[in-house]
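**Student:** What follows is a single structure, and I will ask about it in a moment.
The values are calculated or read from the model by the stated rules, or taken from the named source; none is laboratory data. The structure displayed is predicted, hence computed values, not measured ones. A quick note on method: Cβ atoms are made from the backbone with ideal geometry, for glycine too, and the neighbour counts reach across all protein chains shown. These accessible areas exclude ligands, DNA and RNA; they are computed on the full protein's heavy atoms, side chains included. Shrake-Rupley method; radii C 1.70, N 1.55, O 1.52, S 1.80 Å.
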Amino acid sequence: MTRSNGAAGQLSKALGIVLGTETIPLRLRAWDGSEAGPEGAPIIEFRSRRALRRMLWSPGQLGLSRAYVAGEIDAPGDIFAAFTALSSAGKFAEPGPFRPPTPPELWALLRTAVRLGALGPNPVPPPEEAKVARKGRLHSRSRDSAAISHHYDVGNRFYSLVLGPSMVYSCAVWPDDGQPGSRTDGSSGGPGGLEAAQESKLDLVCRKLDLEPGMRVLDVGCGWGSFALHAAGKYGASVVGVTLSSEQAELARQRVADAGLSGKVEIRVQDYRDVTDGPFDAISSIGMSEHVGREQTPRYAAALYALLKPGGRLLNHAISWNAGPTSPDPDSFIPRYVFPDGEMISLGEMVTALEEARFEVLDVEALRRHYALTLRAWVRRLEENWDDAVRLAGSGRARVWRLYMASSAVGFENGLTGVNQVLVQRPGGKEPPLRRTGWL
């Protein structure tokens with residue numbers, strides 16, 4: 001039986017100060033067993049006073065994120081319901097950097113911490129937090145390599161638990177949005193399962209690139225080689241895949257060998273800026289350009305243009321920032337724990353950069369809702385394999401991925417972020433079709 005007063009009531013006021021709202025659509029459960037908040041609302045557990053101390057020292061998204069990763073805060077029920085409620089409250093509903101509390105709000109937060117015995121030194125951040133440099137040139141080769149390693153060199157077995165046999169770490173293409181008969185439960189098999197949806201995406205990219213046997217294809221940010229395997233195995237292309245992750249490359253090469261495609265697919269640990277053996281008939285860039293950065297995007301577009309033959313196509317599949325002129329907060333959860341130095345730009349900025357590089361735009365397809373379904377499937381797989389995930393990567397890393405994927409799903413559902421496939425062609429050579437019937 002829970003107590004109706006105690007620490008939870010004070011915590012509710014403290015969280016309201018951090019969020020900038022008097023009404024919190026959550027039910028809080030405190031370390032003393034007390035609860036406060038609307039009955040039936042999603043539950044957030046404060047398991048330790050240290051969580052409140054983190055909120056005092058970092059009164060925003062970063063403090064709450066650190067407490068969750070450290071296991072001091074938990075969402076024991078439906079994590080999507082909890083984050084949907086949280087994202088609608090106060091400052092979390094505002095795009096851009098988190099607005100800090102005013103001095104009177106900080107004093108009120110301090111008084112609450114004193115009353116609840118939470119006052120103390122700033123807790124050390126969880127070890128899973130990236131050591132983000134405040135100085136130095138963004139997106140240098142060495143810095144990009146370190147950022148990629150932080151995110152992708154977590155362990156191939158860990159990723160296989162989340163992604164499933166396809167090992168595709170980007171938005172799938174689903175047949176529908178989860179009506180009866182559609183399987184968005186992360187299982188393989190069935191017309192709407194995760195494996196089938198990922199294969200549909202890979203095939204869609206191949207059709208958009210108009211791949212034919214013998215074509216030479218560059219896969220920028222090739223991951224674990226799934227697109228390269230599909231393009232070579234199903235379309236007869238010869239593929240060069242480049243990644244900055246040595247762990248990805250190791251497994252990708254093994255998958256290529258196991259598929260008997262070593263003569264058709266080459267996997268390199270290489271920066272795309274160092275690829276010099278063009279030209280290629282086609283280039284795929286699936287979920288990679290988010291790591292390029294706004295300043296480097298025009299150079300990225302120009303480099304890929306130079307690597308293509310006249311008439312060659314580029315398919316750029318990337319997450320976009322849909323929240324207007326504001327940019328994500330570099331001190332928020334995603335940059336600190338998931339994608340150091342990652343920068344999402346708008347769809348307009350990406351298309352402009354491609355056009356300024358002299359590409360002709362053939363098609364733009366928005367897949368925002370598809371990514372929300374994909375992320376929900378990944379979270380379900382992670383939760384179903386939780387004990388193994390913790391054993392492989394540690395509790396903190398598993399919690400990072402649960403928080404990251406669930407909050408990202410909510411971001412796609414509420415339109416804060418999108419994901420788009422932009423198909424472009426270098427002028428010259430083969431003319432594009434009159435209509436999009438070639439890949440629809």
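**Student:** Averaged over all directions, how much area does the convex hull of the C-alpha atoms of region 273-417 cover when projected, in nm²?
**Tutor:** 10.0
**Student:** Under the rule of at least 5 residues apart or a separate chain, name every residue whose amide H is placed under 5 Å from the amide H of GLY311.
**Tutor:** Counting only residues 5 or more places away or on other chains, the set is ARG426, GLY428.
**Student:** What angle do you read, to the nearest 10 degrees and between 0 and 90, between the alpha-carbon axis of helix 226-235 and the longest principal axis of the chain?
**Tutor:** Roughly 30 degrees between the two axes.
**Student:** Additional query: Per residue and in Å³, how big is the convex hull formed by the alpha-carbon atoms of region 241-288?
**Tutor:** 89
**Student:** Give the carbon-plus-sulfur fraction of the accessible surface of region 322-440 in %, rounded to a whole number; probe 1.4 Å, heavy atoms of protein chains only. Could the numbers behind the result be given before it?
**Tutor:** Details: 2610 of 5310 Å².
Taking all protein chains in place, region 322-440 shows 49 percent carbon and sulfur surface.
**Student:** For region 1-56, what does the alpha-carbon gyration tensor say about shape, rounded, prolate or oblate, given a ≥ b ≥ c as the root eigenvalues, a/c under 1.5 as rounded, and a/b over b/c as prolate?
**Tutor:** Numbers: a/c = 1.84, a/b = 1.11, b/c = 1.66.
Oblate, since a/c reaches 1.5 and b/c is not below a/b.
**Student:** So, with +1 on the Cβ of K and R and -1 on the Cβ of D and E, and no other charges, what is the size of the charge dipole of the chain about its Cα centre, to the nearest 20 debye?
**Tutor:** Value, rounded to 20: 860 debye.
**Student:** Another question about this same structure. Of all DSSP beta bridges in region 1-108, what percent run antiparallel (nearest 5)? Walk me through the numbers on the way to the answer.
**Tutor:** Values: 4 of 8 bridges.
Here the antiparallel bridges make up roughly 50 percent for region 1-108.
**Student:** Straight-line reach from LYS13: which aspartates and glutamates fall under 13 Å, measuring Cα to Cα and dropping same-chain residues less than 8 apart?
**Tutor:** GLU22, GLU35, GLU105
**Student:** What's the FRET efficiency of ARG99 with ALA366 using the Cβ-Cβ distance as r and R₀ = 25 Å, to the nearest 0.05?
**Tutor:** 0.25
**Student:** With unit charges on the beta carbons (Lys and Arg positive, Asp and Glu negative) and the dipole taken about the Cα centre of the chain, which residue among TYR404, ILE267, ALA302 sits farthest to the positive side?
**Tutor:** After comparing all options, I get TYR404.
**Student:** Comparing ARG380, ARG368, ARG157, which has the greatest mean-square fluctuation in the GNM of the chain with Cα pairs linked when under 10 Å apart?
**Tutor:** In this elastic network of the chain, the residue with the biggest mean-square fluctuation among ARG380, ARG368, ARG157 is ARG157.
**Student:** Take the eigenvalues of the Cα gyration tensor for region 200-281, scale each by 5, and report the square roots as semi-axes in whole Å, largest first.
**Tutor:** Values: eigenvalues 64, 45, 26 Å².
Semi-axis lengths for region 200-281 are 18, 15, 11 Å.
**Student:** Moving on. Might you tell me the accessible area per residue for region 207-364, computed with a 1.4 Å probe and given in Å²?
**Tutor:** 37
**Student:** Placing +1 on the Cβ of each Lys and Arg and -1 on the Cβ of each Asp and Glu in the chain, which of LEU367, SER160, GLY16 has its Cα farthest towards the positive end of the resulting dipole?
**Tutor:** GLY16
**Student:** Can you sort VAL240, VAL364 by solvent-accessible area, 1.4 Å probe, largest first?
**Tutor:** VAL364, VAL240
**Student:** Here's something else I'd like to know. Quantify how much of the Cα-Cα distance distribution of region 7-125 extends past 21 Å, in percent. Don't skip to the end; give the middle numbers.
**Tutor:** Working: 2017 of 7021 pairs.
Here the tail beyond 21 Å accounts for 29 percent of pairs.
**Student:** If you don't mind, another one. I need the phi-derived Karplus couplings for region 265-272: 6.51 cos²θ - 1.76 cosθ + 1.60, θ = phi - 60°, integer Hz, Gly and Pro marked x.
**Tutor:** Calculated HN-Hα couplings, in order: 10, 10, 10, 10, 8, 7, 6, 4 Hz.
**Student:** On to the next question. Mind checking the angle between helix 141-152 and the chain's longest principal axis? C-alpha axes, 0 to 90 degrees, to the nearest 10.
**Tutor:** With rounding to tens, the tilt is 70 degrees.
**Student:** Can you find, among LEU62, ILE43, GLY33, the residue farthest towards the positive end of the dipole of region 1-103? Put +1 on the C-beta of Lys and Arg, -1 on that of Asp and Glu.
**Tutor:** Of the candidates, LEU62 comes out farthest on the positive side.
**Student:** Considering only protein heavy atoms and a 1.4 Å probe, what is the carbon-and-sulfur percentage of the accessible area of region 1-100?
**Tutor:** 51
**Student:** Charges only on Cβ, +1 for Lys and Arg, -1 for Asp and Glu: so what's the dipole of region 25-88 about the Cα centre, in debye to the nearest 20?
**Tutor:** I would put it at about 360 debye.
**Student:** OK, next. Please give the Cα centre distance for region 371-410 versus region 71-87, rounded to the nearest Å.
**Tutor:** Going from one Cα centre to the other spans 13 Å.
**Student:** Write down the accessible area per residue of region 41-128 in Å², having rolled a 1.4 Å probe over the full set of protein chains. Write down the numbers at each step before the final one.
**Tutor:** Details: 3910 Å² over 88 residues.
Value returned for region 41-128: 44 Å² of accessible area per residue.
**Student:** Here's a follow-up. Ignoring solvent entirely, what values of log10 I(q)/I(0) come out of the Debye formula for the chain at 0.10, 0.11, 0.12 Å⁻¹ when each Cα is a single scatterer?
**Tutor:** -0.73, -0.87, -1.01
**Student:** Going through the cross-link list LYS309/LYS430; LYS264/LYS430; LYS201/LYS430, which pairs have a Cα-Cα distance over 22 Å in this structure?
**Tutor:** Violating the 22 Å limit, Cα to Cα: LYS264/LYS430; LYS201/LYS430.
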